[in-house]
Amino acid sequence: MMFDPEDDEFERDEVTNPDHRAIRARVLVVEDDESLRQLIVTRMRREDFDVVEAGSGDEALDVLTLAARSVRALDELDLVLMDVRMPGTSGLEIARMLRAAEWPLPIVLITAFPDGELLGEAARLGLAVIAKPFALDRLSETAIAAMLAPRTSVESRA
């Protein structure tokens, strides 16, 4: 399935956050399918997010490592939108690493295979999950909800 930002359906999609000043967040989009990644990136930028892209889990780890080295590590990123199945390090493995490091960064996993095991692990780690295919407005709503949700430690969920 090819995603085309020039598609008429893409253009008709309403912006979820019409008051662009309400949220100016930095989001890391991690997706190995370039056309889907570009679709997500275009939508997030249209929603006035500052977007950083990674085409694999390993690239995402590089970005996250740089953010962690920053003096304001938790201020560098506000959200991660990440595919679960990618070559190299999977999105779920990265989420586990972030939680093990006690980094409460909101994470939305994107998957074509939302089975019970994944959903249970996501709930335990405090992750949102969105199933492919998805409407762009649903992706935006899920992203905003994840950022606005109270952040609790993983231990309190277990």
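The values are calculated or read from the model by the stated rules, or taken from the named source; none is laboratory data. In this text the structure is predicted, and so the values were computed from the model without any measurement. Please note: Cβ atoms are built from the backbone with ideal geometry, for glycine as well, and neighbour counts cover all protein chains shown. Just so you know, the surface numbers come from the protein's heavy atoms only, side chains and all, with ligands and any DNA or RNA stripped out. Shrake-Rupley method; radii C 1.70, N 1.55, O 1.52, S 1.80 Å.
Checking each residue in the range 127-154 for being surrounded by 18 or more Cβ atoms within 10 Å (Cβ to Cβ), among the β-branched types (Val, Ile, Thr) and in contact (Cβ under 8 Å) with a residue 40 or more places away in the chain picks out only Ile144. For Leu61, the conditions (1) modelled with pLDDT of 95 or more; (2) open to solvent by 30 Å² or more (accessible area, probe 1.4 Å); (3) among the aliphatic types (A, V, I, L, M); (4) under 14 Å from the mean Cα position of the chain (by Cα) all hold with the exception of (1). Do we have Arg37 as without any contact (Cβ under 8 Å) to a residue 60 or more places away in the chain and charged (D, E, K, R) here? When the stated conditions are applied, Arg37 passes them. For the range 26-49, a residue qualifies if it is assigned to a strand (DSSP E or B) and open to solvent by less than 60 Å² (accessible area, probe 1.4 Å), and the qualifying residues are Val27, Leu28, Val29, Val30. In this entry, Gly116 passes the filter for residues that are open to solvent by 50 Å² or more (accessible area, probe 1.4 Å) and either farther than 15 Å from Val27 by Cα or touching a His at 6+ places or on another chain (Cβ under 7 Å) (or both). A Cβ distance below 7 Å, combined with a sequence gap of six or more or placement on separate chains, defines the contacts here; from the range 114-126, residues that are at negative phi reach residues that are in a loop (DSSP other than H, G, I, E, B) and surrounded by 15 or more Cβ atoms within 10 Å (Cβ to Cβ) in the pairs Leu118/Val84. Per the listing Pro150, Pro104, Pro133, the residue uniquely touching a helix residue (DSSP H, G or I) at 6+ places or on another chain (Cβ under 9 Å) and modelled with pLDDT under 95 is Pro104.
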